[in-house]
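Notes follow the structure.
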Amino acid sequence: MTTSLADHLRSLPDESLAALLQLRPDLVVPVPADISALATRAQSRVSVARALDGLDQFTLQILDAARLTRDPADGTTATEAVLAMATSGPRPPAPTTVRGAVDRLRALFLLYGPEHALSVVESVDEVSPYPAGLGRPAAELDGRAAALCADPAKLRRTLLAAPPSARAILDRLAAGPPVGSVPPGALQAPPLGEEDQLPPDPVNGGVPTGSPVRWLVEHRLLVPVSAGTVELPREVGLLLRRDSGPLGPLRTSPPPVSAAPREPKAVDSAGAGQTMEVVRHTEGLLEQLAAEPAAVLRSGGIGVRDLRRLTRTGGLDEPTTALLIEVAYAAGLLGELELPGVTTNRYGADQQVLPAAGYEVWRAASLAQRWEQLARAWLTMTRQVGLVGQRDDRDRPITALSAEAERAGAPLSRRAVLGVLADLEPATAPTADEVLALLDWRSPRRSRGREAAHREVLAEAAQLGVTGLGALTSYGRLLLADVTRTDDGAADPLGLHIEADSDEPSTAARALDALLPAPVDHFLMQADLTLVVPGPPEPALAAELDAVAELESAGGASVHRVTTGSVRRALDAGYSADDLHALFRRRSRTPVPQSLTYLVDDVARRHGGLRAGSAGAYLRSDDEALLSEVCADRRLESLALRRLAPTVLVSPYQVGRLLGALRDAGYAPV
């Protein structure tokens, strides 16, 4: 008689229960009322699926061995039976390795009970219906198939008689999963003869749709389970696996990486150089959006035209521009502004994307802290940027910042990919295929069907400077550990942790700061009006350079040029000629050329001769006294009326608002 999981949990000491909650913290969120509620939750589909998702390929195969060796009478299995099945293949693993996997499954309570009567927790069969990729026993599928499988000699003869195209179907289904789809009418096709062998059809799950399927069904090697589905009985699958073992090929350790470790300094230097580019390009994009905000589409997100404009102006490609926009938005550097009075979309107001209030704070931080804020936002944001530019289910393009790019599993994918790199020897740069192979072994359930997303993570990590030369940087490793520790609640099952002081640089930022060249507070003025900055400028100098000069080349040392347009832009921003002269004298380590002095004075002399402003509506009258009365009327102060001429007033608001306010005040405009 088997013991229930609840009774088994009641018999455990407190230390064992605490260990379970450490391994499966979802069991106490929310806190269960008693042991019975804890046992029920531990056997639920959601919790079991989460526990299975964290298991590697070998441990999952050992769990399948326990499921396949269960006694039909009481549903239990013995550790010795699991060990016998796992070591029955051509390359058996060490018994200690198998026992280690069993112990891990018991620690997670996917298996429980004494070694001679282990029980598989409920819901495992529901979450993973085909153990080891094998089908159900023939007795559960079809009586005639069961009769064939009950005679081993006849079953072997039938398999040997299968035509090559039919045998190809069996081999494919034997590798798992054991079910395949066939189009309607395929089972009514003429049976396959020796002279009529149809090739396998890769459509519909790879199951051939002609006579081979009919031949296999008629000979009881495949069993129809619905109008368009066939299943391979477990006994047939085990016979087809006689060369590889009942569980298939077993790999007790992750696949090796062929690449030798690189020089750590070279990896960090390459990554640090990329971080400088990321911060510079992000700041450039935000400045473009400050000068010309991007409109929000009716369906949400930034339109293709705005994305291409930003791409063209910033000198980037569209995927990189979309990535930086998404990361900046996630980091709180971008926001949406509603412009009242213009109802152009389903939100009831015209919305624009432009820098948020946090942008100015971000600009004042050190370069390492600015990068760390971007990289942390990328690691934790629930956005899959690689979807931007693709088409959704309704064949509409997915745009940057749109809801269609939301993916709840995106942070977990990033942590999984970077976790593979972090577990390798430092400065090791595996290929993308090797990373995918490692992910397939470490967590096959999570990595299934996510190859494209994992490749995107590797590309984005390189673009953001988290990796350098294909390897995880030292500061990237520190950031990943910090984010993982924070998201996991500092190993607290209840998810309680104390946030660090945001004003203090993180360990990752300090490590990156040591790799970056020291920021400079000066430049070298040349006779051709170029400013050479011999290092990354400090925030105050960078802001002044943006105002008074044009960027010509970027990098570790940047070059800026003072032009007539840049001087005019500085004057527009509020600088005077004397302010500019003082700035150049204070910041330049070389003498200021006389040509620059003449340029500033000449532009300042002509600056402001014409003045422009905006007006939404005008008010004209030959009665100057009436206009004076309107200007003095306190009820109309909200219109901000200005007098341009004795008979003309202007307001920044549209004519409709002007007319309504005047009429409410007792006037009769037309």
(request) At 7 Å along the Cα-to-beta-carbon direction for both residue 594 and residue 626, put a label point, then send me their distance in nm to one decimal. (result) 6.3 nm
(message) Below 8 Å, C-alpha to C-alpha, sequence gap of six or more: please give me the relative contact order for the range 264-487 in percent.
(response) 26 percent
(message) Given points 7 Å out from each Cα along the Cα-Cβ axis, report the residue 518 to residue 382 separation in nanometres with one decimal.
(response) 4.6 nm
(request) Find me the longest stretch of the chain that has none of the exposed trypsin sites (Lys or Arg not before Pro), where exposed means in a DSSP loop (not H, G, I, E or B) with at most 14 other Cβ atoms within 10 Å. (result) 1-241
(message) What is the distance in Å between the Cα centroid of the range 7-35 and that of the range 513-570?
(response) 60 Å
(request) Using 0.36 nm per residue of separation minus the Cα-Cα distance, give me the extension gain between residue 84 and residue 26 in nm, one decimal. (result) 17.5 nm
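Would you mind giving the three semi-axes, in whole Å and largest first, of the ellipsoid equivalent to the range 264-487 according to its Cα gyration tensor?
31, 21, 14
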(request) Would you calculate the separation in nanometres between label points at residue 243 and residue 313, each defined as 7 Å from the Cα along the Cα-to-beta-carbon direction? (result) 6.4 nm
(message) Check which residues have an amide H placed less than 5 Å from residue 219's amide H, if you skip close sequence neighbours.
(response) none
(message) Let's test the formula: R0 of 51 Å, r as the Cβ-Cβ distance of residue 122 and residue 469. What FRET efficiency results, to the nearest 0.05?
(response) 0.60
(request) Would you mind counting up the charge near residue 323? Only other residues with Cβ under 13 Å from its Cβ, with Lys and Arg at +1 and Asp and Glu at -1. (result) -4
(message) Cα atoms only: what Rg and Dmax, in Å, come out for the range 524-606?
(response) 11.8, 37
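FRET efficiency for residue 7 and residue 263, Cβ-Cβ distance as r, R0 = 51 Å, nearest 0.05? Intermediate values should be presented prior to the final figure.
Numbers: r = 58 Å, r/R0 = 1.14.
Approximately 0.30, to the nearest 0.05.
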(request) Express in % the proportion of alpha carbon pairs of the range 5-128 at distances exceeding 22 Å. (result) 33 percent
(request) Give, as a single signed number, the net charge of other residues whose beta carbon lies under 13 Å from the beta carbon of residue 370, with Lys and Arg counted +1 and Asp and Glu -1. (result) -3
(message) Based on the alpha carbons, how large is the Rg to Rh ratio for the chain when Rh follows Kirkwood?
(response) 1.12
(request) Of all alpha-carbon pairs in the range 617-664, indicate the percentage at a distance above 14 angstrom. (result) 43 percent
(request) Read phi for every residue in the range 268-276 and hand back ³J(HN,Hα) as whole Hz from Karplus 6.51 cos²θ - 1.76 cosθ + 1.60, θ = phi - 60°, with x for Gly and Pro. (result) 5, 5, 5, x, 5, x, 5, 4, 5
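Where a number appears in this text, it was derived from the coordinates with a stated rule and is not lab data. Quick caveat, the model's predicted, so the values are computed rather than measured. Note that we place each Cβ from the backbone using ideal geometry, even for glycine, and neighbour counts take in every protein chain shown.
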